[in-house]
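J.: I have a structure I would like to understand better, so I am pasting it below and will then ask my questions one at a time.
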Ligand SMILES: N[C@@H](CCC(=O)N[C@@H](CS)C(=O)NCC(=O)O)C(=O)O
């Protein structure tokens, strides 16, 4: 495993974004890093400068400078960044994949590793898209359209939510609530320590709290889990670092109002 000496990590962080995942992870791994901040415009989009770092102009993006590299290595997509950082600087925090003497056997993977791999992908591929649909239907309802269009727009948004978004989000949160209540989950999703699965899931669950889909009453385990993570020293330090870098008070995504 690499130690960080001579490796410079820069996180391109956008306010109210998945970029916070990476800052939390870097604090968990106790790595040194710099933050370059970007501010969303009035349409909640990233500013064009982010496209100079990566063509899609999304956050998070991480650039890594290391001896022997002519150009910084630019990594995008939070799951890919999380995996890269763990593989180089935190391999011991990835759940063990195989039990002793079963190395490489199909189906012999540990429950913790299977859960870890699953949630690394699930966060962005299954839960997040539904919260995004919910955001879109919400903005259709409040769109500045002529008054005679408003009831039609509302009807379309309500139908999408009734037929798809609401039951889908409810089903997934119920599943997560149950998953957190049994092994291999423990204090965290894959057991007793933070893994990439938690790093990926926290932002999405914070989004569900913000959208009032997840409350202490409806999903007590999930709610407690989010608040527990938000109380960790590493999470608080991550908040303090972005506050310092951005000049704005850090507000967790769950309470950010957007
Ligand atoms: N699946 C990507 C999503 C990246 C993404 O969409 N980031 C949002 C912030 S959470 C963004 O940059 N939005 C601004 C924009 O698209 O203009 C990831 O996990 O990194």
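J.: State all residues of the range 81-102 that are assigned to a loop (DSSP other than H, G, I, E, B), closer than 25 Å to residue 188 by Cα and out of contact with any helix residue (DSSP H, G or I) (no Cβ under 9 Å at 6 or more places or on another chain); if no residue qualifies, say none. Can you show your working first?
T.: Initially, the range 81-102 is screened for residues assigned to a loop (DSSP other than H, G, I, E, B), giving 90, 94-102.
Of the ones still in play, those that are also closer than 25 Å to residue 188 by Cα are 90, 94-100.
The answer is 99, 100.
J.: Touching a residue at least 24 places away in the same chain (Cβ under 8 Å), buried (at least 20 other Cβ atoms within 10 Å of the Cβ) and under 27 Å from residue 15 (Cβ atoms): is that true of residue 176 in this structure?
T.: Values: touching a residue at least 24 places away in the same chain (Cβ under 8 Å): yes; buried (at least 20 other Cβ atoms within 10 Å of the Cβ): yes; under 27 Å from residue 15 (Cβ atoms): yes.
Considered against the rule, which asks whether it is touching a residue at least 24 places away in the same chain (Cβ under 8 Å), buried (at least 20 other Cβ atoms within 10 Å of the Cβ) and under 27 Å from residue 15 (Cβ atoms), residue 176 comes out as yes.
J.: Residues that are at pLDDT below 95 and outside any helix (DSSP H, G or I): does the range 189-208 have at least one?
T.: No, that holds for no residue.
J.: Further, regarding this structure: Residue under question is residue 221, and the condition is that it be closer than 18 Å to residue 123 by Cβ and not in a helix (DSSP H, G or I); does it hold? Reasoning before the result, please.
T.: Working: closer than 18 Å to residue 123 by Cβ: yes; not in a helix (DSSP H, G or I): no.
When the stated conditions are applied, residue 221 does not pass them.
The values are calculated or read from the model by the stated rules, or taken from the named source; none is laboratory data. Computed from a predicted structure; not experimentally measured. Methodologically, a virtual Cβ is constructed for each residue, glycine included, from the backbone with ideal geometry; neighbour enumeration extends over all protein chains shown.
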